[in-house]
Amino acid sequence: MRVSMMLSGLTWCSNAEAARDGLAPVAPVNGGGLAEAVRQLRLPSTVLEVTRRPGSVVQVRECLDPVAQALRDAGALAADRSVPSEVAGRVVPGLCRTAAEAALTEAVWRRQLRDGRGHAEIEALLEEARVRLMPSSA
């Protein structure tokens with residue numbers, strides 16, 4: 001069974017359409033918890049991100065894993081000639097850092113789960129690491 005998931009509060013098909021297409025409808029959500037759980041369970045799924053652009057234009061795009069998503073956004077921002085270079089020069093490094101942090105977090109999850117630690121213990125470990133790296137945000 002495929003899982004259909006929509007982020008940011010928009011639903012694109014009725015339950016009847018979902019059943020017809022072999023999809024399990026999932027309530028719209030904000031945040032990445034459900035998407036992350038589906039990714040960790042390696043369920044076949046497509047996660048869509050819905051963004052409202054200027055003029056109420058709605059953009060729908062497939063969400064990638066957090067690493068690929070941040071790198072795609074950084075590349076798109078760097079290539080967009082309408083974005084001032086001063087803005088891109090400040091935002092692109094932050095997106096690259098986000099990608100690096102996501103890659104490290106994924107590696108920690110894999111290793112810690114393999115070593116038999118529970119989810120709560122891993123979350124606490126990651127939170128402790130975040131506080132040590134960025135003490136002003138605590």
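The values are calculated or read from the model by the stated rules, or taken from the named source; none is laboratory data. Fair warning: this is a prediction, and the values are worked out from it, not measured in the lab. Neighbour counts run over all protein chains shown; Cβ positions are idealised from the backbone, glycine included.
Table for the structure above
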{"quantity": "Contacts under 6 angstrom Cβ, first residue in the range 68-97 being not assigned by TED's automatic domain parsing to the domain that holds Glu49, partner in a helix (DSSP H, G or I) and of a type in the set (Phe, Trp, Tyr), 6 or more apart", "calculated": "none"}
{"quantity": "Total residues in the range 34-89, condition farther than 30 Å from Gln112 by Cβ and of a type in the set (A, V, I, L, M, F, W, C)", "calculated": "11"}
{"quantity": "Options Arg97, Arg117: the member that is surrounded by 11 or more Cβ atoms within 10 Å (Cβ to Cβ), modelled with pLDDT of 90 or more and more than 20 Å from the chain's Cα centre (by Cα)", "calculated": "Arg117"}
{"quantity": "Filtered residues of the range 75-90 (kept if part of a helix (DSSP H, G or I) and surrounded by 11 or more Cβ atoms within 10 Å (Cβ to Cβ))", "calculated": "Gly75, Ala76, Leu77, Ala78, Val87, Ala88, Gly89"}
{"quantity": "1 or more residues loosely packed, with under 13 Cβ neighbours inside 10 Å, modelled with pLDDT of 75 or more and out of contact with any Pro (no Cβ under 9 Å at 6 or more places or on another chain): qualifying strands (runs of 3 or more DSSP E) within the range 1-69", "calculated": "45-53, 57-62"}
{"quantity": "Pairs where the first residue, in the range 111-122, is part of a helix (DSSP H, G or I) and the second is among the polar types (S, T, N, Q), C-beta under 6 Å, 6+ apart", "calculated": "Ile122/Gln112"}
